[in-house]
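Novice: Before I ask anything, let me first share the structure, which is written out below as structure tokens.
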Amino acid sequence: MRLLTALFALIVVVAPASAQRFPAEGFADLAEQLSPAVVNISAAQRIASGESGMPDFPEGSPLERFNELFGDAPRIANSLGSGFIIDPEGIVVTNNHVIEDADQVEVTLADGRTFPAELVGRDPATDLAVLRIQGSEPFPHVDFGNSDQARVGDWVIAIGNPFGLGGSLTAGVISARGREIGGRYDDYIQTDVAINRGNSGGPLFDLDGDVVAVNTAIYSPTGASVGISFSIPSNLARHVVDQLLEYGATRRGWLGVSVQPVTSGMAPALGLTAPRGAIISRVEADGPADRAGIETGDLILRFDGREVPDSRSLPRMVAETEAEREVVIALRRRGENMTIRATVGQLQEDGAPAAPARQTPAAPQPDLETVLGLTLAPLDQASRRRYRVHPDANGVLVTAVDPESDAAGKVRPGDVIEEIAWSPVTSITEVRNVVEQASGSGEILLVLNRNGQFVLQSVRP
């Protein structure tokens, strides 16, 4: 028994000091401390009668008299959300979708006071917005914490306005990190905290009372909480909020590239033991990357001194970089490591043009050769027109893909093979020869031109 007691004492002593344990006293002290800085947000939008969905009854109809009641006067649409004050001067953070298109926004504090709010700035890309309220005395406020230190399993609490029930507290743990749900800069923290409609824009606190995330979205087939919610990490939110406060809009860095992920099949062909980094699939002409000498097919491994773990991380790193700043980029090009200096530009957030549609090509031409499960044809003017090949493409055309081959789902009809195992190819004979030489190395790396954008794929012979 003494031995067990000693071992237990040792375990307690060596437990990490940073480990968060469930507070024996519950969350009452935190609720009392933090609730005054959490606000309810009401956004109102005027809707013209023609946009309301209400019918205009025809002249002479027995219901015509209701047109005066329903058909003419503008109506008010209301939305409810949450937010939190980060400065005693009355700076409020919330979600963009809570106040988007609103004609009037009001902020209600926990003590019942209501203030009209002025929009400072908003960022649809991250779904964040900043408001300002004014009062005769300093407002209660909370501070942003360091979301990079938040770990899966840590306790967190949310305070907000679900279904208009202000001042509601729910608790849970961080379930996962780095979630992507369709946005350009997604890096959500996933929790099992009960988040419902009206919680949007509210804070997610750690047990130190710091805001580690902004509650934004839920996954639910019913519209109510099923234990999967997503929150914007505080380090991302703080960067956006600072820019909105300074400029009224975001000023994101821009490199002028498109990227694709490194798959487990590509990793050995790129000289990696595991997938990491981001492959440059397109370089915009005369953009910062083009002027710096970055090329399609380059594998970006480090950006401005930070490791690039995957292709989703690089756009966020670039976006967070100040415009006109020179950065060092470590990359691998055709098996050789090198560093390049690039001056980051400023992103013009007007939206990128949609990729041109491509018609489904007709049946493959006869007398074509098949390599790696790919039916190949020479690239001539006729095939360029038929398959709508990008004018910059130069190589061998893929006209069909064997659905039973490893290339299925990776290569498409209309793709142009420009390189195999980093060797340029311009004829089917060259393709066959390079494939024969590279077959002993396992996966074979293909550099494809797809609608003017370069794509790297690894294919097993």
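Read-outs: derived from the displayed coordinates by stated rules, not from any lab. The structure displayed is predicted, hence computed values, not measured ones. All Cβ positions, even for glycine, are placed from backbone atoms using ideal geometry, and neighbour counts span all protein chains on display.
Novice: Name the residues of segment 423-446 whose amide N is less than 19 Å from a point 7 angstrom out from the Cα of Asp380 along the C-beta direction?
Specialist: Hits in segment 423-446 for Asp380 at 19 Å: 426-431.
Novice: Once you have a ≥ b ≥ c as the square roots of the Cα gyration tensor eigenvalues for segment 369-459, tell me rounded if a/c is under 1.5, and otherwise prolate or oblate according to whether a/b is larger than b/c. Before the final figure, lay out each step's value.
Specialist: Details: a/c = 1.59, a/b = 1.43, b/c = 1.11.
Since a/c reaches 1.5 and a/b is larger than b/c, the shape of segment 369-459 is classed as prolate.
Novice: Work out the FRET efficiency for Gln346 and Arg306 from their Cβ-Cβ distance, taking R0 = 25 Å, and round it to the nearest 0.05.
Specialist: For R0 = 25 Å, the calculated efficiency reads 0.80.
Novice: What is the extension gain from Thr426 to Leu165, computed as 0.36 nm multiplied by their sequence separation minus the C-alpha to C-alpha distance, in nm to one decimal?
Specialist: Full extension of this stretch gives 87.3 nm more.
Novice: Starting with the highest mean, order 281-288, 236-243 by the number of other Cβ atoms within 10 Å, averaged over the residues of each peptide.
Specialist: Numbers: 281-288: 16.4, 236-243: 20.6.
The most tightly packed comes first, giving 236-243, 281-288.
Novice: Using label points projected 7 Å from each Cα along Cα→Cβ, tell me how many nm separate Glu180 and Leu207, to one decimal.
Specialist: Output for this residue pair reads 3.3 nm.
Novice: Of all the C-alpha pairs in segment 232-329, what % are more than 23 Å from each other?
Specialist: I get 31 percent for the Cα pairs in segment 232-329 exceeding 23 Å.
Novice: So, one more: Please work out how much length the chain gains when fully extended from Gln134 to Thr273, using 0.36 nm per residue of separation minus the C-alpha to C-alpha distance, in nm with one decimal.
Specialist: 44.4 nm
Novice: Just grab the label-to-label distance for Glu32 and Asn394, each label 7 Å out from Cα along the Cβ direction, in nm (one decimal).
Specialist: According to this spin-label approximation, the distance is 7.6 nm.
Novice: Go ahead and run the numbers for FRET between Glu284 and Glu25, Cβ-Cβ distance against an R0 of 56 Å, rounding to 0.05. Walk me through the numbers on the way to the answer.
Specialist: Numbers: r = 56 Å, r/R0 = 1.01.
Here the calculated transfer efficiency is 0.50.
Novice: So, R0 is 30 Å and r is the distance between the beta-carbons of Asp87 and Val152; what FRET efficiency does that work out to, to 0.05?
Specialist: The calculated FRET efficiency here is 0.45.
Novice: Continuing with this model, one more query. Within a 10 angstrom radius of the beta carbon, how do Ser175, Ser42 rank from fewest other beta carbons to most?
Specialist: Placing the least packed residue first, the sequence is Ser175, Ser42.
Novice: Something else about it: By its C-alpha gyration tensor, with a ≥ b ≥ c as the square roots of the eigenvalues, how is segment 147-247 shaped: rounded for a/c under 1.5, else prolate for a/b larger than b/c, else oblate? Write down the numbers at each step before the final one.
Specialist: Working: a/c = 1.32, a/b = 1.28, b/c = 1.03.
Rounded shape, in that the Cα axes give a/c under 1.5.
Novice: Please state the relative contact order of segment 147-247 as a whole percent: Cα pairs under 8 Å, 6+ residues apart?
Specialist: Worked out over segment 147-247, it gives 25 percent.
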